[in-house]
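Written out below as structure tokens is the structure these notes cover.
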Amino acid sequence: MNREEFFIYLRERKALIDERLEFMISAPVRAPNTIIEAMRYSLLAGGKRIRPILCLAGAEAVGGEIDSVLPVACALEFIHTYSLIHDDLPAMDDDDFRRGRPTCHRVFGEAMAILAGDALLTEAFAIVAQSGLIHRSKAEKYLQVMYEMAQAAGITGMVGGQVMDVESEGKELTLADLKRMHEKKTGAMIRVSVTSGAFLGGGKEDEISALGTYGDHLGLAFQIADDILNVVGDKKLMGKNTGSDASRGKSTFPLMLGLDESKRRLEEEVLKSLEALSCFDEKADPLRHLATFVMEREY
């Protein structure tokens, strides 16, 4: 797979995911219209769909089909979107823009934004559970994935990392503390995205382990890149404010290491993620290109 083929792959996978997300959020349910609209507003606002694409690519890397993995991929995007809605709230990062338009709480109010995030998180696990009920022969596998998603999203993963982030504002962290925080806040969901796809795709234990290592390094690379873009990124391209980390007294890689060393660390993490894929053939090429894409992204 060359670079051009990779970007075609990205567009096709994103279109597939967007179509399924649109269907999931538009299915008739007995719920107040306002909450559905708030959920739709954030879920369908665009974005790169990195986590669901990682899930699909993880399945493909081990020779699996993506049909049974697609609902889990979408559930991961539900969780990611919930986290963004809550991160943007005044009590957290207090951001006015996300993906180039006003944040959910600016449009629907804080209370409805909180509820929309709650609903997206809850629906994510309903989606995975429903898949297990439909595909009874794989029910135990979906149950395992649901458990691992909960671990990655909850207090041992993303939520735990977010707690560390909130409590560290205005304080000086060590580099080890900073890495540990982001392994939870960002890395855990990146890792579970690729490993859940591989697991459902029929991957062997050693393959899933290698993809977990890939996800660990990719997650840290993603966060370093995010920190760098918060300093030097183009506000219009990113669709959100830049410079916010420094204004809130957050510990970041550029603040701690400087931009040049942060870029070197970013490249180092990407190389380590690629090394973890050495045992895979060309079916893992999308994962290889995704790692490079994280390093080179401008938004």
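Every read-out reported here was derived from the displayed coordinates using simple, explicitly stated rules and does not represent laboratory data. What you see is a predicted model, and the numbers here were worked out from it, not measured in a lab. As a convention, Cβ positions derive from the backbone with ideal geometry for all residues, glycine included, and neighbour counts pool all protein chains shown.
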- Conditions (1) aliphatic (A, V, I, L, M); (2) more than 21 Å from LEU121 (Cβ to Cβ); (3) free of Cβ contacts under 8 Å to residues at least 60 places away in the same chain; number of the one not met by ALA188: (2)
- Residue in segment 51-82 that is surrounded by the fewest Cβ atoms within 10 Å (Cβ to Cβ), counting only those that are among the small types (Gly, Ala, Ser) and assigned to a loop (DSSP other than H, G, I, E, B): GLY63
- Message: Taking the criterion of being polar (S, T, N, Q), surrounded by 21 or more Cβ atoms within 10 Å (Cβ to Cβ) and in contact with a helix residue (DSSP H, G or I) (Cβ under 9 Å, 6 or more places away or on another chain), would at least one residue in segment 40-50 satisfy it?
- Response: yes
- Query: Can you name the condition, by its number, that GLU148 falls short on among (1) within 17 Å of SER42 (Cβ to Cβ); (2) more than 14 Å from the chain's Cα centre (by Cα); (3) part of a helix (DSSP H, G or I); (4) touching a residue at least 24 places away in the same chain (Cβ under 8 Å)?
  - Reply: (1)
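I'd like the full set of residues that are among the small types (Gly, Ala, Ser), in a helix (DSSP H, G or I) and within 18 Å of PRO32 (Cβ to Cβ), limited to segment 83-142.
Once the filter is applied, which keeps residues that are among the small types (Gly, Ala, Ser), in a helix (DSSP H, G or I) and within 18 Å of PRO32 (Cβ to Cβ), segment 83-142 yields ALA111, ALA113, ALA116, GLY117, ALA119, ALA126.
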